[in-house]
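Worksheet for the structure shown next.
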Amino acid sequence: MLAGRDLLGSTGFEFLKEGAHRVFVVTDEVVRATGLVQRVEAGVADGGLAVAGVFDEVPQDSSTHVVDRCAMAAEEAGADSFLAVGGGSVMDTAKLAGVIFTHGGAAAEQEGFLLMPRRDDGMGRPLEIAPLACIPTTAGTGSEVSMAAVVKDPERKVKLEVVDFPLFPRLAILDPESTRTLPPRMAAATGMDAMTHAIEGYTCTDWSPPQDARSLEALRLMRDYFERAVEGGPADEEARGNMLIAASLAITINLGAVHAMSHPAGAHFGVPHGVANSIHLPHVIRFNAEDPETADRYRDLNEVFGLAAGGPGREVGEALAAHVGELAGRLGLPTRLSEAGVPEEGLPALVEGAVGDGATLLNPREAGEDDYAALYERAL
Ligand SMILES: [Fe+2]
């Protein structure tokens with residue numbers, strides 16, 4: 001991972017070290033229209049690499065169909081590597097397109113945890129995929145440093161989650177220039193996704209000391225720079241750059257009930273991922289704080305934010321929940337599902353989705369159907 005100013009011109013030089021020669025650029029129309037892709041292309045050429053083609057058809061909420069089209073376009077272009085320039089949807093599309101490009105098949109068949117093709121050597125090691133570099137244009141998803149990809153499967157109405165080691169991008173370039181055209185509302189929503197990763201990573205059943213360190217440092221950076229990065233806009237390069245770093249630090253595949261609730265909200269009603277997390281986060285914190293061990297973990301987070309860390313667990317959870325809820329309100333994000341287009345009659349489908357989502361297994365307090373129904377009711 002490289003972080004700093006004026007790094008885009010070195011894209012080719014850095015990506016050459018990872019074995020890339022004919023680069024297939026994956027982006028969306030909005031990012032392409034800003035001129036950012038042209039600057040990145042110039043950086044690719046500067047390192048002596050060729051741009052084999054540009055795929056700019058990734059929608060805000062990508063799908064298995066888009067992945068398949070992207071992989072086919074890369075093959076037709078004679079590419080040997082992928083370069084994602086965009087947000088989570090673009091990066092996850094490029095990751096899964098790399099899998100299809102390398103191993104064949106279709107994106108809809110890829111679902112699973114550590115299920116990608118393995119070497120036939122009895123060691124269970126996965127086969128590498130075409131090199132991928134990521135230049136994130138939002139500070140939130142952290143996909144540029146993660147081994148996970150999530151896209152919509154329109155046929156099954158679920159978010160297809162794929163997790164495996166080859167999905168780790170070989171290179172991530174965090175340059176605030178890439179977020180220059182990110183609108184404040186998107187900066188707010190994606191930042192709340194990053195905050196949710198930091199908090200769920202710290203409190204999930206699979207918490208670990210390295211993740212603790214990353215979560216706490218990410219939350220310190222968010223405390224100092226999140227609102228500045230939204231309100232000050234692109235002109236505040238220090239804040240935007242530090243939010244890119246915070247999002248990368250916060251990333252984890254170990255999540256919890258917030259993500260379990262947000263995935264179906266996205267799959268069924270198109271609620272943007274960061275917005276859904278922002279709405280669900282305070283309700284899940286209150287729910288989880290009933291568990292004494294989790295309340296103790298929240299005390300640490302309250303210390304970072306300068307909130308009450310003593311007293312009964314319920315009060316500790318309430319202080320943190322109120323803090324993140326008020327933050328979302330100040331940032332101009334919707335705080336209710338009904339404001340985000342979810343009708344009351346949609347809740348049963350969401351409950352079913354949350355119960356079946358992999359993230360639910362790692363929530364520190366067991367959450368069943370009735371719990372999720374109550375949480376969605378509160379969030380509506
Ligand atoms: Fe997320």
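Each value in this text was obtained by applying a stated rule to the coordinates, not by laboratory testing. Just so it is clear, the model here is predicted, and its values are computed rather than measured. Cβ coordinates were reconstructed from backbone atoms using ideal geometry, including for glycine residues, and neighbour counts include every protein chain displayed.
Return the FRET efficiency for the residue pair L2, R185: r is the Cβ-Cβ distance, R0 is 41 Å, and the value is rounded to the nearest 0.05.
That gives a FRET efficiency of 0.90.
Taking the Cβ of L115 as the center, what net charge do the other residues with Cβ under 13 Å away carry, scoring Lys and Arg +1 and Asp and Glu -1?
The answer is -3.
Report, by chain and number, residues whose modeled amide H sits under 5 Å from the one on G86, excluding near sequence neighbours (fewer than 5 apart, same chain).
Hits under the 5 Å cutoff: I135, T137.
Give me the compactness ratio for the range 1-75, meaning the Cα radius of gyration over 2.2 N^0.38 Å.
Cα-based Rg divided by the globular estimate yields 1.15.
Nearest 10 degrees is fine. How inclined is helix 292-305 to the longest principal axis of the chain, computing both from alpha carbons?
Relative to the chain, helix 292-305 is tipped by roughly 70 degrees.
Which shape class applies to the range 233-380: rounded if a/c is under 1.5, otherwise prolate when a/b exceeds b/c and oblate if not, where a ≥ b ≥ c are the square roots of the Cα gyration tensor eigenvalues?
oblate
Please give the net charge around E57, taking every other residue with its beta carbon less than 15 angstrom from that of E57, where Lys and Arg add +1 and Asp and Glu add -1.
In short, -4.
Only four residue types carry charge here, +1 at the Cβ of Lys and Arg and -1 at the Cβ of Asp and Glu. Report the dipole size of the range 213-316 about the Cα centre in Debye, rounded to the nearest 20.
About 200 debye.
Where does each of 315-323, 79-87, 28-36, 246-254 land if you order them by average Cβ count within 10 Å, highest first?
79-87, 246-254, 315-323, 28-36
What angle, in degrees between 0 and 90 and rounded to the nearest 10, separates the Cα long axis of helix 237-250 from the longest principal axis of the Cα atoms of the chain?
Approximately 80 degrees, to the nearest 10.
Across the range 116-123, in residue order, what do the Karplus-derived ³J(HN,Hα) couplings come to in whole Hz, using 6.51 cos²θ - 1.76 cosθ + 1.60 with θ = phi - 60° and x for Gly and Pro?
6, x, 9, 5, 8, 10, x, 8
Counting DSSP beta bridges in the range 109-219, what percent are antiparallel, to the nearest 5?
Around 65 percent of the beta bridges assigned by DSSP in the range 109-219 are antiparallel ones.
Rounded to the nearest 5, what % of DSSP beta bridges with both residues in the chain are antiparallel?
Details: 8 of 29 bridges.
Of all bridge pairs located within the chain, approximately 30 percent are antiparallel.
Does the range 66-173 come out rounded, prolate or oblate, given a ≥ b ≥ c as the square roots of the eigenvalues of its C-alpha gyration tensor, rounded meaning a/c under 1.5 and, failing that, prolate meaning a/b above b/c?
rounded
Angle between the Cα long axis of helix 36-46 and the longest principal axis of the chain, 0 to 90 degrees, nearest 10?
50 degrees
For the chain, rounded, prolate or oblate, judged on the Cα gyration tensor with a ≥ b ≥ c (square roots of eigenvalues), a/c < 1.5 rounded, else prolate if a/b > b/c?
prolate
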